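Colleague: This is the structure, below, for whatever I ask next.
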Amino acid sequence: MSAPVSVSLLVNGEPIDAVVLPRLNLADFIREHLKLTGTHVGCEHGVCGACTVRVDGEIVRSCLMLTVQAQGASVETIEGLSDSGEIADLQAAFRERNALQCGYCTPGMLMTAQDLLKHVSMPDRPAIREHLSGNYCRCTGYQAIVDAVEATARTRAERRA
Amino acid sequence: MKAVAFAYARATSVVNALELLAAHGDKAKVLSGGQSLMPAMNLRLLSPDILIDIGGLAELRGIAVRGDVLVVGALTRHVDLLGSPEIALHAPLLRDAVAHVAHPAIRNRGTIGGSLAHADPASELPACVLALDATIVVRGPAGERRIAATEFFKGIYETALSPDELLVAVEVPVAGQGTAFFFQEYARRHGDYAIVGLAACAVVAASSFSDLRLGFFAVGDRPVLAAAAGKLINASVTPALLAEATAALADELDPQEDQQATAAMRRHLAAALLRRCAAALLARPELEKGATR
Ligand SMILES: Cc1cc2nc3c(=O)[nH]c(=O)nc-3n(C[C@H](O)[C@H](O)[C@H](O)COP(=O)(O)OP(=O)(O)OC[C@H]3O[C@@H](n4cnc5c(N)ncnc54)[C@H](O)[C@@H]3O)c2cc1C
Ligand code: FES
Ligand code: FES
């Protein structure tokens, strides 16, 4: 019973082969096996959003996905998005507006906000709040986070124009 | 918390999944999107011996129109319902409802089959399939069974599925001429499970209902197709008649009390939704206010 299973996937573009127990969720695999600790674990049942990562380009809860379910998938973590420069402007906006304090929620917030900005070029504040509604922040009161996302949307729109 | 250890089998086909289910019986659980199963396992409310992952089965995916039915594969994800032109055209109720289901990251993995099989009484999609008069298609060792949505939900997390069966598709009659839909729910925050909600499907002709199906959710141990709708069909809907219907609705619902609301509050909100629904579908805003006595 519960024999280890082999799994091959890409993490931030790098091929990974591993043998894992079926019960190991993707968040723990990323943090403990790959030592990519930017992905945070809060509730482990899908409600807080701290563990949000991208799988095949779409955001998911890594606490609700088994590592073995990521067989053949391309996983991107906050380290990947950060190192590639994809969200440099969003990160700068978070810093400028104090959209983070303890930082626990921040990787998940950035992942989710970037997902919105990829799909909608100029979201209004209610749309930003709705997209982030599954991500808890216990420090900032959200206002500054919405400000930072809105500001980033605006500068990106100006850059495109 | 983390899930208790379990074995894992990746099904290679529906037939293979059924064989695995037959071999492991009720010690196995089917894994689709995992967005209800994994939380329950991480919280150790469930500890199956083996998970049978059907997530890779292309044969359970996709949305197709066959004659006058829309066939929605069990693995169709919430995000697919949101973006599908077929759904928007033939069953927009599902699109309107699924926008209220959880949050984007969860909608990227959660499936319609998983939502219906899970049968949370506060879930949106089960109430929609009642209102749409859909058929649930399941496969088991003895072959295929087709179950009317009205016969499918049996209680909290309980359905007509047996442990050796797989939900494979949902068949929805395509919306005909004059069909109109209404979806609204009360929730504390967008994406939360509803306090009370209503998914409705109507045929409106000459300013009255020639058909009306009201699927209420979070009002009892399963979604309810309200009989009170009968009072409004083929009748001139006056505020007094609507008051009669909301009174009948309050009698027929058996809501539970929990940390979100009392039973009385749920009855009150259900009545408010019924008035809003009638007002919206008949384009008579004054009906929302209710009868003045
Ligand atoms: C934070 C959070 C908020 C949520 N909010 C809502 C909400 O507001 N409204 C709502 O409706 N849902 C909500 N959900 C649940 C979500 O919609 C789930 O995706 C859905 O209920 C289950 O679909 P799934 O594919 O993930 O199923 P899984 O979790 O994989 O499975 C659920 C159950 O169904 C069984 N099952 C799955 N597929 C089949 C099949 N094809 N045949 C037979 N049995 C099957 C499984 O064995 C399991 O018992 C929320 C989830 C989370 C984590
Ligand atoms: S840790 Fe995954 S959502 Fe909270
Ligand atoms: S900054 Fe502390 S939880 Fe958001």
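The values are calculated or read from the model by the stated rules, or taken from the named source; none is laboratory data. None of these values were measured; they are calculated from a predicted model. Note that we place each Cβ from the backbone using ideal geometry, even for glycine, and neighbour counts take in every protein chain shown. Quick note on the areas: whole protein, heavy atoms, side chains included, nothing else; ligands and nucleic acids left out. Shrake-Rupley method; radii C 1.70, N 1.55, O 1.52, S 1.80 Å.
Colleague: State the extension gain, in nm to one decimal, for the chain segment bounded by B:Asp258 and B:Val14, taking 0.36 nm per residue of separation less the distance between their alpha-carbons.
Modeller: Here the segment from B:Asp258 to B:Val14 would lengthen by 84.0 nm.
Colleague: What does the convex hull of the Cα atoms of segment B:7-53 come to per residue, in Å³, rounded to a whole number?
Modeller: 63
Colleague: Another question about this same structure. Give me the base-10 log of I(q)/I(0) for the protein assembly as shown at each q in 0.06, 0.09, 0.10 Å⁻¹, Debye formula, one uniform scatterer per Cα, rounded to two decimals.
Modeller: So the normalised log intensities are -0.28, -0.63, -0.78.
Colleague: So for segment B:176-293, averaging the separation of alpha carbon pairs under 8 Å that are six or more residues apart and normalising by length, what relative contact order in percent results?
Modeller: Dividing the mean separation by the residue count of segment B:176-293 yields 23 percent.
Colleague: Do you know which residues of segment B:1-35 lose at least 50 square angstrom of accessible area in the protein assembly compared with their chain on its own, with a 1.4 angstrom probe?
Modeller: B:Lys2, B:Phe6, B:Tyr8, B:Arg10
Colleague: Here's another thing I want to ask about it. Specify which residue in the list A:Cys63, B:Ser162, A:Leu132 is farthest towards the positive end of the charge dipole of the protein assembly as shown, using unit charges on the beta carbon of Lys, Arg (+1) and Asp, Glu (-1), about the Cα centre.
Modeller: Value computed over the given set: A:Leu132.
Colleague: Average partner chain C-beta neighbours within 10 Å, per residue of A:51-57?
Modeller: So the per-residue partner count for this stretch is 2.
Colleague: Rounded to the nearest 100 Å², what is the buried accessible area between A and B, both sides summed, probe 1.4 Å?
Modeller: Protein heavy atoms only, the A-B interface buries about 2600 Å².
Colleague: May I pose another question? Students often get this wrong: which residues of segment B:6-35 have the backbone nitrogen under 13 Å from the point 7 angstrom along Cα-to-C-beta of A:Gln71?
Modeller: B:8-13, B:17
Colleague: Hey, another quick one. Can you give the log10 of the normalised intensity I(q)/I(0) at q = 0.09, 0.14 Å⁻¹, computed with Debye over equal Cα scatterers of chain A?
Modeller: Debye output, listed in q order: -0.30, -0.68.
Colleague: Here's something else I'd like to know. Can you pull the mean other chain C-beta count within 10 Å for peptide A:80-93?
Modeller: Per residue, the number of nearby Cβ atoms from other chains is 0 on average.
Colleague: How much length is gained on full extension from B:Ala22 to B:Ala88, taking 0.36 nm per residue of separation minus their Cα-Cα distance?
Modeller: Result: 20.0 nm gained on full extension.
Colleague: In the structure shown, do any of A:Lys118/B:Lys2; B:Lys27/B:Lys154; A:Lys35/A:Lys118; B:Lys154/B:Lys289; B:Lys2/B:Lys154 have a Cα-Cα gap over 23 Å, and if so which?
Modeller: Where the Cα-Cα span goes over 23 Å, the pairs concerned are A:Lys118/B:Lys2; A:Lys35/A:Lys118; B:Lys154/B:Lys289; B:Lys2/B:Lys154.
Colleague: Full-extension gain between B:Arg188 and B:Ser47, please, as 0.36 nm times their residue separation minus the C-alpha to C-alpha distance.
Modeller: Here the segment from B:Arg188 to B:Ser47 would lengthen by 47.7 nm.
Colleague: Right, another one. Please compute the alpha carbon radius of gyration of segment B:200-239, then divide it by the globular-protein estimate 2.2 N^0.38 Å. Two decimals is fine.
Modeller: 1.27
Colleague: Here's a follow-up. Mind listing, in residue-number order, the residues in segment B:78-103 that have at least 10 Å² less accessible area with every protein chain present than in their own chain alone (1.4 Å probe)?
Modeller: By number: B:His103.
Colleague: On a straight-distance basis, which aspartates and glutamates could pair with B:Lys29 in a cross-link, Cα separation under 19 angstrom, same-chain partners fewer than 8 positions away excluded?
Modeller: Candidates past the 8-residue exclusion: B:Glu19, B:Asp49, B:Asp53, B:Asp120, B:Glu158, B:Asp164, B:Glu165.
Colleague: Same structure, new question: Considering the options A:Ala157, B:His90, B:Pro104, tell which one lies farthest towards the positive end of the dipole of the protein assembly as shown, charges being +1 on Lys and Arg and -1 on Asp and Glu at the Cβ, about the Cα centre.
Modeller: A:Ala157
Colleague: Can you give the average number of partner chain beta-carbon atoms within 10 Å of each beta-carbon in peptide B:43-50, as a whole number?
Modeller: The mean count of partner-chain Cβ atoms within 10 Å per residue comes to 1.
Colleague: For segment B:61-173, how big is the tail of P(r) above 23 Å, as a whole percent of Cα pairs?
Modeller: Pairs farther apart than 23 Å: 20 percent.
Colleague: Considering the Cα positions of chain B, please state its Rg to one decimal place and its Dmax as a whole number of Å.
Modeller: Using the Cα atoms of chain B, the pair Rg, Dmax is 19.5, 64 Å.
Colleague: Using a 1.4 angstrom probe on the protein heavy atoms only, could you order A:Val68, B:Val69 from most to least accessible area?
Modeller: Largest to smallest exposure gives the sequence B:Val69, A:Val68.
Colleague: How would A:Thr152, B:Thr150 rank on accessible area, largest to smallest, probe 1.4 Å?
Modeller: Output order, biggest surface exposure first: B:Thr150, A:Thr152.
Colleague: Over segment A:5-81, what is the mean sequence separation of C-alpha contacts under 8 Å (at least six apart), divided by residue count, expressed as relative contact order in percent?
Modeller: It comes to 40 percent, rounded to a whole number.
Colleague: Give or take rounding to whole Å, what are the principal axis extents of the alpha carbon atoms in segment B:180-289, in descending order?
Modeller: Largest to smallest, the principal-axis extents are 43, 27, 24 Å.
Colleague: May I ask you to derive the relative contact order of segment A:73-133, considering only C-alpha pairs under 8 Å and at least 6 residues apart, and to give it as an integer percent?
Modeller: Result for segment A:73-133 is 28 percent.
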